[in-house]
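A short worksheet on the structure shown next.
The values are calculated or read from the model by the stated rules, or taken from the named source; none is laboratory data. Just so it is clear, the structure is predicted and the values come from calculations on it, not from any experiment. Every residue, glycine as well, gets a Cβ built from its backbone with ideal geometry; the counts of neighbours run over all protein chains shown.
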Amino acid sequence: MSPFDLNLLTSGGPMMWVLVLMAVIALVLFIERTFYLHRGQIRSTAFVDGIKNILAKRRIVEALTLCEETPGPVAAVVKAALIHAHDDEVHMRYVVQEAAVVELPALERRLGSIAAIAQVAPMVGLLGTVLGMATVFQDFMQGGQYATAQALSRGMWQALLATAGSLVVAIPAHLAYHFLHGRVRSLVRDVEWAGNEIMRYLLIDYRKAEPSDAVSAVTTEKS
């Protein structure tokens, strides 16, 4: 018998179809999150170094354009710092943290749904197991002293399939959640590093090399 035989779903009872639905939802969410996080994952070190090289040539507009064309939270945080490149340190840090607060929740979106499926699937399987055992006792009561093994095996088979189905859904869902959670943590570290690095550069190196009259000119242009 093939492990993907549709007869297994029918023999596993009604909870098997619930598990199939949960598996499809978890798969769709995993694929969507994987592509989303992959799109936002950039080489943050190379990106920040490129921004520094552009700023060293006093081309802040070009640096802002590069940030707008680059997807992901790292570019958004760097862009927030560049917009306020001539503000004081307190205000610059505030806007960078505010940009991170806006971007980071989007990274964790739908991860809770995958974790919930991983946690609920064994309970759904347990319910299917209980229903299968109830079928066993029902067949036993109807058969009386002459209940055959074939009649009783239907409920036992249903209980085992429900348990196995729940594990087939829960185990990959747990792995998918931890994989995506690791990707999110990596992006968070990149965002924190990029924010601190670009602020340090703007507050020390960029301003040290900028003439005072250029600072006032850029400030006037912003206003």
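A few remarks follow.
- Which numbered condition residue 174 fails, given (1) under 24 Å from residue 11 (Cα atoms); (2) at pLDDT 90 or above; (3) buried (at least 16 other Cβ atoms within 10 Å of the Cβ): (1)
- Search result, residues across region 65-106 that are hydrophobic (A, V, I, L, M, F, W, C) and touching a Lys or Arg at 6+ places or on another chain (Cβ under 8 Å): 67, 99
- Residue ranges of helices (runs of 4 or more DSSP H) in region 1-107 with at least 3 members surrounded by 17 or more Cβ atoms within 10 Å (Cβ to Cβ): 14-40, 44-56, 60-69, 73-83, 89-107
- Beta carbons closer than 9 Å, at least 6 apart along the sequence or on distinct chains, pair a first residue in region 166-178 that is under 12 Å from residue 120 (Cβ atoms) with a second that is of a type in the set (Phe, Trp, Tyr) and surrounded by fewer than 23 Cβ atoms within 10 Å (Cβ to Cβ) for 173/30.
- The residues listed here are 27, 64; of these, the one that is among the aliphatic types (A, V, I, L, M) and within 17 Å of the chain's Cα centre (by Cα) is 27.
- Flag for residue 198 being of a type in the set (Val, Ile, Thr), modelled with pLDDT under 90, surrounded by 15 or more Cβ atoms within 10 Å (Cβ to Cβ) and part of a helix (DSSP H, G or I): yes
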